[in-house]
Amino acid sequence: MPFVTTADGTEIFYKDWGPKDAQPIHFHHGWPLSADDWDNQMLFFLNEGFRVVAHDRRGHGRSSQVSDGHDMDHYAADASAVAEHLDLKNAIHIGHSTGGGQVARYVAQHGQPQGRVAKAVLVSAVPPLMVKTDGNPDGTPVEVFDGFRAALAANRAQFFLDVPAGPFYGYNRPGAAPSQGVIENWWRQGMMGSAKAHYEGIKAFSETDQTEDLKAITVPVLVLAGDDDQVVPYKTGAIMQDKLLPNSTLIIYPGFSHGMLTVNPDVINADILKFIRG
């Protein structure tokens, strides 16, 4: 299987499909998932003539279950290692949730200075800062994330069923029609990864202040979120991203959930394609 070895010896798994001379789209997955979460989008954009790339974050999926480096700086550096290894240029970087934070840091600190990035897309993304602080009074209380850590440590397998069966895809809303396949695929991806990486990743996605990353990104950025996102509230996520980014386009979808890229792919894919070709 294709891997790239990072500076600290971590093996990062990646997929690279399509013509090597086509414009690349690099996908960055959410917590605690893997590159497989982008299957629908990778097939869609491959059929639209793009080169599509996705990698498993360290400690997730098929990448090394290393002890250290479960923070946004390492996540971004690992993404850069993949982009440099494949020599991706004029690339579109698309990130969901934690992957959106990974994209913001990668673009600001690696891809943009290297001249590799054309545009970016943030989908239900965590920046600028999720946790409630004195400077971020509308954020989510740290006790919520402490609850995630406690549930993961106590029974990760059950926790990884409860999240997709409930708030992640909005399956806990009245009238929702849960897909057992979607729930089990979320569980499958999560359980492939390392409990330590997932535990420490909660701090990475919730407590990393990415205000300066967003301010530094000058390439065009499409910001997408659902107004029924129960994981990353759009008012402290997407709305703030749009305010901080110098060159952004914002779309808020009525009724869409955190996992809208999976349950509403036709809408999401079409809007991303329009942005890329616009």
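Under 10 °C and 1.306 mPa s, how fast does the chain diffuse according to Stokes-Einstein, given a Kirkwood radius computed over C-alpha pairs? Answer in µm²/s, whole number.
Answer, rounded: 86 µm²/s.
Note that region 232-238 has calculated 3J(HN,Hα) couplings of 10, x, 5, 5, 9, x, 4 Hz, one per residue in order, obtained from phi through the Karplus relation 6.51 cos²θ - 1.76 cosθ + 1.60 (θ = phi - 60°); glycine and proline are x. How big is D, in µm² s⁻¹, for region 1-76 by Stokes-Einstein at 20 °C and 1.002 mPa s if Rh is the Kirkwood radius over C-alpha pairs? In µm²/s, the coefficient rounds to 166. In terms of its alpha-carbon gyration tensor, region 161-278 comes out oblate; a/c meets the 1.5 threshold, while b/c is at least as large as a/b.
Between I239 and D134, what length comes free when the chain is fully extended (0.36 nm per residue of separation minus the Cα-Cα distance, one decimal in nm)? So the extension gain works out to 35.9 nm. Between W17 and S179, residue separation times 0.36 nm minus the direct Cα-Cα distance comes to 55.6 nm. Computed from phi, the 3J(HN,Hα) profile of region 213-230 under the Karplus parametrisation 6.51, -1.76, 1.60 (θ = phi - 60°) reads 4, 4, 4, 7, 7, 9, 5, x, 10, 9, 10, 10, 7, x, 7, 10, 6, 8 Hz, with x in place of Gly and Pro. Subtracting the Cα-Cα distance of T218 and K274 from their residue separation scaled by 0.36 nm leaves 18.2 nm. Put +1 on the Cβ of each Lys and Arg and -1 on the Cβ of each Asp and Glu in region 3-277; which of H96, A118, V82 then has its Cα farthest toward the positive end of the dipole? The one lying farthest along the dipole's positive direction is A118.
About its Cα centre, how strong a charge dipole does the chain have in debye, to the nearest 20, once Lys and Arg get +1 and Asp and Glu get -1 at the Cβ? Please report the intermediate quantities before stating the final value.
On the way: 22 positive and 32 negative charges, 83 e Å.
Charge dipole, the chain, about its Cα centre: 400 debye, nearest 20.
The charge dipole of region 199-265, taken about its Cα centre with unit charges on the Cβ of Lys, Arg, Asp and Glu (plus for the first two, minus for the last two), comes to roughly 140 debye.
How long are the semi-axes of the ellipsoid equivalent to region 131-176, from square roots of 5 times the Cα gyration tensor eigenvalues, in whole Å, largest first?
Values: eigenvalues 111, 60, 6 Å².
Calculated on Cα positions only, the semi-axes equal 24, 17, 5 Å.
P(r) for region 14-126, please, calculated from all Cα pair distances in 5 Å bins and given in %. Computed distribution, short to long bins: 2, 13, 26, 27, 20, 9, 2, 0.
Over all pairs of distinct alpha carbons, what does the Kirkwood formula give as the hydrodynamic radius of region 164-227, in Å? The partial results should precede the final answer.
Details: mean 1/r = 0.0666 Å⁻¹.
Computed over region 164-227, the radius equals 15.0 Å.
Taking 7 Å steps out from each Cα toward its Cβ at D68 and N47 produces label points 4.6 nm apart.
If I take R0 = 35 Å and measure r between the Cβ atoms of N172 and T211 in this structure, what FRET efficiency does the formula 1/(1 + (r/R0)^6) give, to the nearest 0.05? Display every interim value, and only then the final one.
Numbers: r = 31 Å, r/R0 = 0.90.
For R0 = 35 Å, the calculated efficiency reads 0.65.
Here, region 105-210 has an Rg and a Dmax of 16.4, 48 Å when only alpha carbons are counted. The trypsin sites (Lys or Arg not before Pro) of region 1-88 that meet both conditions, a loop assignment by DSSP and at most 12 other Cβ atoms within 10 Å of the site Cβ, are K20. Our helix-only sum for the chain, with -39,500 (n - 2.57) per DSSP H run of n ≥ 4 divided by its residues, gives a mean residue ellipticity at 222 nm of -12500 deg cm²/dmol. Here's the picture: a label point sits 7 Å out from the Cα of Q114 along the beta-carbon direction, and within region 36-78 the residues with their amide nitrogen under 18 Å of it are 51-58, 72-78. Extending 7 Å from Cα along the Cβ direction at N40 and again at A153 yields two label points whose distance is 3.5 nm.
Computed over the chain with a Gaussian network model linking Cα atoms closer than 10 Å, the most mobile of W17, W31, W186 is W17.
Bear in mind these aren't lab numbers, they're just calculated from the coordinates by the rules spelled out. Because the structure is a prediction, the values reported are computed rather than measured. Cβ: placed from backbone, ideal geometry, glycine included. Neighbour counts: every protein chain shown.
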